[in-house]
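Let me begin by presenting the structure, written as structure tokens, before commenting on it.
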Amino acid sequence: MLLNRFVVGLLLSAVSVGLLGRDVAAKENSVKIGQQIEALTFKDIRFLPRTLDDFGDKQAVVIICANTTCPLVKRYLPTIKRLEEKYRDDGVQFVLLNVAASDSLLEMAEFAVQYGINFPAVKDADGSCVAALGMTRTPEVAVLDDQHRLQYRGRINDQYRIGGALPKANTLPMRLTRFSRTNQSLSRKRRLMVA
């Protein structure tokens, strides 16, 4: 009898994990690369409501899905900061999007100061931003072009993972060179191809 309950419990767990896995996959697949992302609204660390339009005319917006406790977010912050410094003058806006329900705006501000984050940190309090972008984990990244079309969603690179790290990244999936001002003519051609 006890064994039967155990087996039924395991089966129910397996079914629920499978369903959750499908929900995550469905969420990722529901937002396609090239899709126009409608207005994202969030609060900044001064409690002010913000949208992507508040950042002005940018070649691209890089949104990093994060929270204050994720060890991978903390490990990737130096890489993210280097990329932000490299592409800032090319009109690429980085935004740290806090998605943890348990993180307050004050904790976000402290985190930004502690880790020297010099770009906007905002709160997705209701989860609408991650849903609109199809993001499912931290530190996942979404790159939007100047028309707010999704150009990339995924990992920063392959260097860090739970339980290990490589000495250096083998790949850099998040490509931003197409948004560089030195590559504007190429960027315009690619934008025309996407449209």
Open item on the list: For the pair ALA101/ASP57, report the inter-label distance in nm, with labels modelled 7 Å from Cα in the Cβ direction.
Closed with: 4.2
- [ ] Roll a 1.4 Å probe over the protein heavy atoms and report the accessible area of THR69 in Å², nearest 10.
- [x] 100
- [ ] Tabulate in residue order the Karplus-calculated ³J(HN,Hα) for region 76-86, using 6.51 cos²θ - 1.76 cosθ + 1.60 with θ = phi - 60°, rounded to whole Hz; enter x for Gly and Pro.
- [x] 7, 4, x, 5, 4, 5, 5, 5, 4, 5, 5
- [ ] Along Cα→Cβ, 7 Å out, is where each label goes; now give me the distance between the ones at ARG88 and SER30 in nm to one decimal.
- [x] 3.7
Task: Whole-Hz ³J(HN,Hα) from phi, Karplus 6.51 cos²θ - 1.76 cosθ + 1.60, for region 56-70, glycine and proline x - done: x, 7, 10, 5, 7, 10, 9, 10, 9, 6, 8, 8, 7, 10, 5
- [ ] Using DSSP to define loop residues, name the chymotrypsin sites (Phe, Trp or Tyr not before Pro) in region 36-91 whose beta-carbon has at most 14 other beta-carbon atoms within 10 Å.
- [x] PHE47
Task: Qualifying GluC sites (Glu not before Pro) for region 84-134 [loop in DSSP, other Cβ within 10 Å: at most 12] - done: none
Open item on the list: Using Cα-Cα distances under 8 Å and only pairs 6 or more residues apart, what relative contact order does region 66-129 have, in percent?
Closed with: 40
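The values are calculated or read from the model by the stated rules, or taken from the named source; none is laboratory data. From a predicted model like this one, the values you see are computed outputs, not experimental measurements. In this analysis, Cβ positions are derived from the backbone assuming ideal geometry, glycine residues included, and neighbour counts consider all displayed protein chains. Areas reflect the complete protein model, heavy atoms only, side chains present, ligands, DNA and RNA absent. Shrake-Rupley method; radii C 1.70, N 1.55, O 1.52, S 1.80 Å.
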